[in-house]
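**Student:** This is the structure I have questions about; it appears just below.
The values are calculated or read from the model by the stated rules, or taken from the named source; none is laboratory data. This one's a predicted model, so the numbers in the text were calculated from it and none came from an experiment. In this analysis, Cβ positions are derived from the backbone assuming ideal geometry, glycine residues included, and neighbour counts consider all displayed protein chains. Side chains included, ligands, DNA and RNA excluded: accessible areas come from the protein's heavy atoms. Shrake-Rupley method; radii C 1.70, N 1.55, O 1.52, S 1.80 Å.
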Amino acid sequence: MTRWGIIGCGRIAHRFMQGLPEVSGNALVSVWSRRPESVTGFTSKFGGNPCGTVEELLLSDIDAVYIATLPDSHADYSIAALNAGKHVLCEKPAAINLTVLNRILAIAAAKGLLFMEGMKPPFFPLYRRLKAYLIDDPIGEAGYVRAGSSVADISPDHPNFSYELVGGSLMQIGIYEAFLAIDWLGATKQVQALGRFGEAGIDMFSIFQSEHKGGYAQLYCGLDLHGMGDALICGTKGNITIHKNWWNPAKATISYLDGRIVELDEPYTAGGLNYEIEHFCGLIKAGLTESPVISHEMSRQMISMLDAARAQIGLKFRGE
Ligand SMILES: NC(=O)c1ccc[n+]([C@@H]2O[C@H](COP(=O)([O-])OP(=O)(O)OC[C@H]3O[C@@H](n4cnc5c(N)ncnc54)[C@H](OP(=O)(O)O)[C@@H]3O)[C@@H](O)[C@H]2O)c1
């Protein structure tokens with residue numbers, strides 16, 4: 001049984017609780033957020049004990065903490081949870097930059113505890129089936145990734161638009177694109193970026209292209225244009241389209257050089273975080289401190305791409 005504490009009771013925490021009951025051997029035990037009414041609203045819906053402080057939550061009888069606050073506070077709560085002896089699943093981006101991420105990872109290593117960034121796409125059934133399918137019927141070496149996401153219908157009071165809460169399109173959305181490029185093309189060699197800022201001082205739309213060990217990626221992310229949301233991966237013998245919204249993958253088309261077309265269709269259930277939760281709990285059971293899928297190196301590579309892109313468009317957060 002994995003006994004969970006949740007810090008932060010917003011949109012993604014609700015989606016987490018859609019998934020948690022789908023995975024056997026889990027229980028929600030403790031909940032804390034900044035506003036007491038958020039906590040009681042959450043516990044009356046999903047159960048768990050409402051905590052008055054974060055300290056109370058960390059002292060409660062839990063094995064793991066899911067950190068579902070905004071990126072400005074991810075590091076503080078991750079470090080507090082690790083210091084309290086708890087495994088941590090932290091929402092993306094796990095830290096505002098590589099320096100802060102390394103601080104978290106050093107504490108996880110010193111404590112011998114599991115730390116994983118919540119980067120969900122590789123755990124979805126479609127993504128797993130796609131990777132498995134390509135072992136028997138490969139598209140050759142992948143050499144190019146083109147992907148993007150821009151969502152124009154987010155309400156103006158959404159934290160994505162907040163400089164203080166470490167919003168912006170690169171931090172909130174671009175990290176998914178960074179994941180895809182690294183996952184298919186390997187370690188990053190260089191990044192080039194352009195970004196357009198809004199009144200709040202965060203990037204409303206950014207494009208970034210990167211050179212990796214295995215090839216090139218062209219990526220975009222935005223908060224004010226209606227994007228397409230699909231992803232293209234090109235190899236020497238074929239290409240793959242992961243259809244929109246590729247970061248919640250459910251359908252893919254593989255087109256081979258010899259003319260064959262293969263369609264993969266794998267709907268996901270319960271909001272899709274159930275697969276990531278199952279993986280995380282499996283790691284705890286196996287006594288592992290790192291995911292082989294979203295490894296610490298993957299988290300380092302993802303945030304490093306964003307660090308490089310932000311440096312080029314001139315976006316620094318408080319304290320940087
Ligand atoms: N994996 C995914 O599919 C996915 C999707 C969307 C977002 N995310 C990520 O999830 C995170 C949360 O996003 P969201 O959309 O859920 O945001 P949200 O709806 O605004 O929820 C954030 C929650 O955290 C609480 N909170 C914020 N700052 C806090 C602090 N300093 N201390 C304690 N509680 C705090 C809020 O507090 P109160 O209500 O108590 O005021 C709120 O309950 C972000 O990092 C985002 O990038 C992931």
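**Student:** In whole angstrom, how far apart do the alpha carbon centroids of segment 304-320 and segment 204-246 sit?
**Tutor:** The two parts, judged by their Cα centres, are 20 Å apart.
**Student:** Short version: ³J(HN,Hα) in whole Hz for each residue of segment 43-50, in order, from phi by Karplus 6.51 cos²θ - 1.76 cosθ + 1.60 (θ = phi - 60°), x for Gly and Pro, what are they?
**Tutor:** 5, 5, 7, 10, x, x, 8, x
**Student:** Modelled label-to-label distance, Met1 and Arg318, 7 Å Cα→beta-carbon offset: nm?
**Tutor:** Each label point is offset 7 Å from its Cα along the Cβ direction, giving 4.1 nm.
**Student:** Moving on to the next point. Checking the cross-link filter: which aspartates and glutamates have an alpha carbon closer than 12 Å to that of Lys86, excluding same-chain neighbours under 8 positions apart?
**Tutor:** The qualifying aspartates and glutamates are Asp61, Asp63.
**Student:** Once both labels are modelled 7 Å past Cα along the beta-carbon direction, what's the Val262-Asn248 spacing in nm?
**Tutor:** Taking the two extended label points, one gets 2.7 nm.
**Student:** For segment 172-320, list log₁₀ I(q)/I(0) at each q in 0.21 Å⁻¹, using the Debye formula over Cα point scatterers of equal strength and ignoring solvent, two decimals each.
**Tutor:** Relative scattering, expressed as log10 I(q)/I(0), comes to -1.37.
**Student:** Apply the Karplus parameterisation 6.51 cos²θ - 1.76 cosθ + 1.60, with θ equal to phi minus 60°, to every residue of segment 16-24 and state each ³J(HN,Hα) to the nearest whole Hz, in sequence, with x for glycine and proline.
**Tutor:** For segment 16-24, the Karplus curve yields 4, 6, 5, x, 3, x, 6, 10, 6 Hz.
**Student:** Per-residue accessible area for Lys189 at 1.4 Å probe radius, Å² rounded to 10?
**Tutor:** The value for Lys189 is about 130 Å².
**Student:** Same structure, new question: Would you kindly give the portion of the calculated P(r) for the chain that falls above 31 Å, as a percent of all Cα pairs? The partial results should precede the final answer.
**Tutor:** Working: 15307 of 51040 pairs.
Cα-Cα pairs of the chain separated by over 31 Å account for 30 percent.
**Student:** Once the other residues with Cβ under 15 Å from the Cβ of Leu101 are scored (Lys, Arg +1; Asp, Glu -1), what is the net sum?
**Tutor:** Details: positive: Lys92, Arg103, Arg300, Arg310; negative: Asp72, Asp76, Glu91, Glu117, Glu290, Glu297, Asp307, Glu320.
Spelling it out: positives minus negatives among the neighbours equals -4.
**Student:** Which cross-chain or sequence-distant (5 or more) residues have an amide H under 5 Å from the amide H of Asn49, H modelled 1.01 Å from N in plane?
**Tutor:** Sorted by chain and number, the residues that satisfy this are Ser30, Val31.
**Student:** When every alpha-carbon pair in segment 2-118 is counted, what percent end up more than 16 Å apart? Walk me through the numbers on the way to the answer.
**Tutor:** Numbers: 3703 of 6786 pairs.
Roughly 55 percent, once rounded to a whole number.
**Student:** Looking at the chain only, what percent of DSSP beta bridges run antiparallel? Nearest 5 please. Write down the numbers at each step before the final one.
**Tutor:** Working: 36 of 63 bridges.
Of those bridges, close to 55 percent are antiparallel.
**Student:** Pairs of Cα atoms under 8 Å, at least six residues apart: use those to get the relative contact order of segment 2-118, whole percent.
**Tutor:** Values: 209 pairs, mean separation 28.3, N = 117.
Computed value for segment 2-118: 24 percent relative contact order.
**Student:** Roll a 1.4 Å probe over the protein heavy atoms and report the accessible area of Glu211 in Å², nearest 10.
**Tutor:** Here the accessible area works out near 50 Å².
**Student:** Quick check: with the 1.4 Å probe, what order do Leu232, Leu130 take by accessible area, largest first? Please list the in-between numbers first.
**Tutor:** Numbers: Leu232 30, Leu130 0 Å².
Largest accessible area first, the residues go Leu232, Leu130.
**Student:** Can I ask one more? Add -39500 (n - 2.57) for each DSSP H run of 4 or more in the chain, then divide by its residues: what number comes out at 222 nm, to the nearest 500 deg cm²/dmol?
**Tutor:** Values: 9 runs with 107 residues, N = 320.
Helix-only estimate at 222 nm: -10500 deg cm²/dmol.
**Student:** With +1 assigned to the C-beta of every Lys and Arg and -1 to the C-beta of every Asp and Glu, and no other charges, what is the dipole magnitude of the chain about the Cα centre in debye, to the nearest 20? Please report the intermediate quantities before stating the final value.
**Tutor:** Numbers: 27 positive and 33 negative charges, 46 e Å.
Result for the chain is approximately 220 debye, rounded to the nearest 20.
**Student:** Additional query: Take the cross-link list Lys92/Lys189; Lys244/Lys316; Lys120/Lys316; Lys45/Lys131 and give me the ones stretching past 29 Å between alpha-carbons. Don't jump to the answer; show the numbers that get you there.
**Tutor:** Details: Lys92/Lys189 22 Å; Lys244/Lys316 31 Å; Lys120/Lys316 26 Å; Lys45/Lys131 37 Å.
In this structure, Lys244/Lys316; Lys45/Lys131 exceed 29 Å between Cα atoms.
**Student:** Around Gly235, which amide H atoms from residues at least 5 apart in sequence, or from another chain, sit under 5 Å from its own amide H, with H modelled in the peptide plane?
**Tutor:** Residues meeting the criterion, in which the H sits 1.01 Å from N, are Gly143, Ile240.
**Student:** Return a whole-number percent for the relative contact order of the chain, with Cα pairs under 8 Å and 6 or more residues apart as the contact set.
**Tutor:** Answer for the chain is 20 percent.
**Student:** Can you list residues whose amide H is under 5 Å from Ser149's amide H, if they're 5+ apart or on another chain and H is modeled 1.01 Å from N?
**Tutor:** For Ser149, whose amide H was placed from the backbone, the distant partners under 5 Å are Tyr220, Cys221, Gly222.
**Student:** Let me ask something else. Which whole-Hz ³J(HN,Hα) couplings does segment 208-216 yield from phi under the Karplus relation 6.51 cos²θ - 1.76 cosθ + 1.60, θ = phi - 60°, glycine and proline marked x?
**Tutor:** 9, 10, 9, 9, 10, 3, x, x, 10
**Student:** In a shell of Cβ-Cβ distance under 12 Å around Tyr216, excluding Tyr216 itself, what net charge do Lys and Arg (+1) and Asp and Glu (-1) give?
**Tutor:** Once positives and negatives cancel, what remains is +2.
**Student:** Charges on Cβ only, +1 for Lys and Arg, -1 for Asp and Glu, centred on the Cα centroid of the chain; of Val293, Val262, Ala250, which one is farthest towards the dipole's positive end?
**Tutor:** Val293
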